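Below: the structure, in structure tokens.
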């Protein structure tokens, strides 16, 4: 009896071990909304039709994606092809866990690397090696509620910080006059990505070109003071103040007239708030015109046992067919010039705002470890939730973050 | 005759005993003994799963911990948490047990009521309390009835830790109530009779008879409470992820973050060892200054 | 007499007040889970739904991998429970009834291990399982919880209360120790075995820290890990979240109701042993 139980346990364990071995190639992405996943599955069906003999499993990863992928890379359970965020790319390229793709690129005849926007290619390049092929990009743009703009009598869209603040003020309304604001001009969020466009517009940087930390420099501090000021002066709200899930949700529920977001808000609004009449315009300019662009690539882990197959899938997904289909919903912009031109992204009333923004957008990449980034998030929380002055919060944290610079 | 028979099987006994113990001891060695020793080894290395070479760094992880403001904050938070939760939950558990030990109708129902939070998954109770504490949640609704306006309790660095402490007290007091209840039932009724004759009311009976009689159980409840509170993790993970402004980062959450978010397993192991040392000292202090038996 | 009555009234007031505090949050979460109103969060909140619906429960089953998580949780919990009952009884028997060299050393080592805070084992256990490639497998989720020292201790305590006569008679008849254990000890140990089973069930069903680290992909999540993940993904979809929380709490409450006698005995003996 006892022997039997032990035997069963051992068999069971062995089986569990072997599970991983004979699997076909695996592909993983993050999950942001059901509508986005649906589009993605269609793209994958396209690949299946073209290469019916090629087997693969699609395993979307919900939850904290970078954390999970890192864990999978460290435990040799990583998928053979996965999304790599531009932001986390430097650390991963440093760790040497990604397969260099240059041999594959040169072997594939019609692979034209010059067709990609240079900023997107460079985000995944280190020491002359390409570690990821950018699949799409997304600049932050401003979404606005047309109805609210009409009611407030605003007929020209804000173009700089001053006109933006004025618009926010006019759009902040206490409808039932009970002393509580029912509609805000704007919505803020104490996250680094959201503040960065304002920092860039003000001539600041997380990491200066010479590699030093820029968070306690004057332009950065001023930008945070401006952004935080929108909230303290009562013309902007925060998602949790409204019981909303995220900024886009609050915008959809018409709690605020303007919200900064990337293209992912478009399918979300179409799905959840189809009635909403909204428009899009480039972020207002500060000292200079700028915004943050996020770019995402496909990467193959060094430990993969299906590298060749993974490249075939990658090549299809970033190829003309795959990229055209994926970007057609507006969830993200194509990283290939040819795809953007062919599908009329430069003429489209909504997409052209994204393409225009791409002209002055900057990627957000830093050579600091996750912990350093997290320290800055905490400093922002101190500003927004504990009323700490932006200047103090940033100067106090500077020394701490400097410790987390990645060393080569 | 009998004795001879049994002693004859001594070899047999040894064989049987070790075969009975084989599997438990195997699991125990692989998942407790070895990891415990291994933890010390790891803590001397810069151990990142993504980097193949793992350099020996000596005490560097411990030195860094001593200068890490987040870790120091975590020690402070954990101490505040434990000092707040343990006495309150212990007293509340005893109080509940005292109530339950009275002659009341529907005792089984009340026992279930007080015990439900304790047997429910910590994730479940945490989610429910996130709703209660949220901006448009139950707590603010109740406060609005008496004309007080509250904000989102978990997003305020001043209240977040306190809010989670209350949740913890709520869940564990029912659990320890059962421990106390068993103890109360073994107190001879004659002691209460004697106290009644002396004219003691229920409250006085509670302090003069009940409290001293359950001292051994109180010791046990406090030790378990200390160990549990020092290692609080689930509630933090679900409710606040250590935020805002690290106001709810506890030591075990710090260990988790360092190890599995920032992937510095050596640093994480070192922080866990510091936590273990603190727990040892705390239980030792308790044993010294509040022994289970009065000498 | 009158004073006594007031005292009694006061007492019941406290009792009911406490009951509301302890049960109230659950009742509200039940209420929210049935609320058909999409804006359940609009102020002022409605504590009792104006319109009732089962849609959120359906949605939990249909739109989320709840079924898969349930299978995982049931599998892990049942294997760990069976294993704990069997092996802690075996080991308990050995410690309570057999004399063998090294007994005291081994037993005090086990006892001392109760003092090791679990957090210290987290990282090394993870690295060990990673070496065996058991991260994100059932093996990794189940193996570390197959036996627990507390249960061995409980069984040892219980077996020591069983009179020696039975066993000695059987020994004279030439029974093996395993038969004595299996045919004589186990049948009379039902209350203790039940206590071990219930504890292990509760502990393993509700376990969070280990599965949250070992399960990486969502097809390996257990119910609590899945719920924690849903809380982050659907942060304000309270009706859906509450429906999930109610569903995963039902088994523990049911088990408590059915076996509460053993439960209380178990806690009592666990408390007294220290």
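Read the figures in this text as sums done on the coordinates, not as results from a lab. These figures come from a predicted structure and were not determined experimentally. With ideal geometry, Cβ positions are generated from the backbone for all residues, glycine too; neighbour counts draw on all protein chains shown.
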Relative to the longest principal axis of the C-alpha atoms of chain A, give the angle of the C-alpha long axis of helix A:2-18, reported between 0 and 90° and rounded to the nearest 10°.
70
Among B:185, B:257, B:102, which one moves the most in a GNM of chain B with springs linking Cα atoms closer than 10 Å?
B:102
Over 5 Å intervals from 0, what percent of Cα-Cα pairs in the stretch A:59-160 sits in each interval?
2, 9, 17, 17, 14, 10, 8, 7, 7, 6, 4, 1
Value in Å of the Kirkwood radius, where the protein assembly as shown supplies the Cα pairs that are averaged
31.1
Can you tell me which of B:159, B:250, B:120 moves the most in a GNM of chain B? Springs connect C-alpha atoms under 10 Å apart.
B:120
Place the peptides A:76-88, C:247-259 in order of packing, highest mean first, counting for every residue the other Cβ atoms within 10 Å and averaging per peptide.
A:76-88, C:247-259
Euclidean distance of C-alpha centroids, the stretch B:187-210 and the stretch B:153-179, integer Å
32
Mind ranking C:141-147, B:151-157 by how tightly packed they are, going by the mean number of other C-beta atoms within 10 angstrom, highest first?
C:141-147, B:151-157
When the C-alpha atoms of the stretch B:197-258 are aligned to their principal axes, what extent does each axis show, in angstrom, from largest down?
60, 22, 15
Using the number of other C-beta atoms within 10 angstrom as an exposure proxy, rank C:2, C:179, C:97 with the fewest first.
C:2, C:179, C:97
With chain B treated as a Gaussian network of Cα nodes joined by springs under 10 Å, which of B:265, B:50, B:96 yields the largest mean-square fluctuation?
B:50
Per-residue average of Cβ from other chains inside 10 Å of C:209-222
4
Let me check against my output: what whole-number percent is the relative contact order of the stretch C:64-273, with C-alpha pairs under 8 Å and at least 6 apart?
34
Kindly express, to the nearest 10 degrees and within the range 0 to 90, the angle between helix A:65-74's C-alpha long axis and the longest C-alpha principal axis of chain A.
30
Within 10 Å of each Cβ in peptide C:127-135, how many partner chain Cβ atoms are there on average? Round it to a whole number, please.
6
Based only on the alpha carbon positions, what is the Kirkwood hydrodynamic radius of the stretch A:189-234, in angstrom?
10.6
As a test of the formula, what do you get for chain C when each DSSP H run with n ≥ 4 contributes -39,500 (n - 2.57) and the sum is divided by the residue count, at 222 nm and rounded to the nearest 500 deg cm²/dmol?
-23000 deg cm²/dmol
Fraction of beta bridges assigned by DSSP in the protein assembly as shown that are antiparallel (%, nearest 5):
65
Per DSSP H run of n ≥ 4, the term is -39500 (n - 2.57); total these for chain A, divide by its residue number, and report the mean residue ellipticity at 222 nm rounded to 500 deg cm²/dmol.
-13000 deg cm²/dmol
Taking only the Cα atoms of the stretch C:65-145, how large is their convex hull per residue, in Å³?
122
Given C:225-233, C:47-55, B:123-131, the highest-first ranking by average Cβ count within 10 Å works out to B:123-131, C:225-233, C:47-55
Once every Cα of chain B carries one equal point scatterer and solvent is ignored, give the base-10 log of I(q)/I(0) from the Debye formula at q = 0.06 Å⁻¹, two decimals.
-0.30
So what's the projected area for the stretch C:1-113, the Cα convex hull averaged over all directions, in nm²?
16.3
Mind pulling the angle between the C-alpha long axis of helix C:149-160 and the longest principal axis of chain C? Nearest 10 degrees, somewhere in 0 to 90.
50
Using alpha-carbon positions, the gyration tensor of chain C gives root eigenvalues a ≥ b ≥ c; with a/c under 1.5 called rounded, otherwise prolate if a/b exceeds b/c, else oblate, the class is oblate
Under 8 Å for C-alpha pairs, at least 6 residues apart: give me the relative contact order for the stretch A:115-225, rounded to a whole percent.
12
For chain A, convex hull of alpha carbons as volume per residue, Å³
192
Can you bin the stretch A:318-399 into rounded, prolate or oblate? Criterion: square roots of the alpha carbon gyration tensor eigenvalues sorted a ≥ b ≥ c, rounded for a/c under 1.5, prolate for a/b above b/c, oblate for the rest.
prolate
What is the average number of partner chain Cβ atoms found within 10 Å of a Cβ in B:89-99?
1
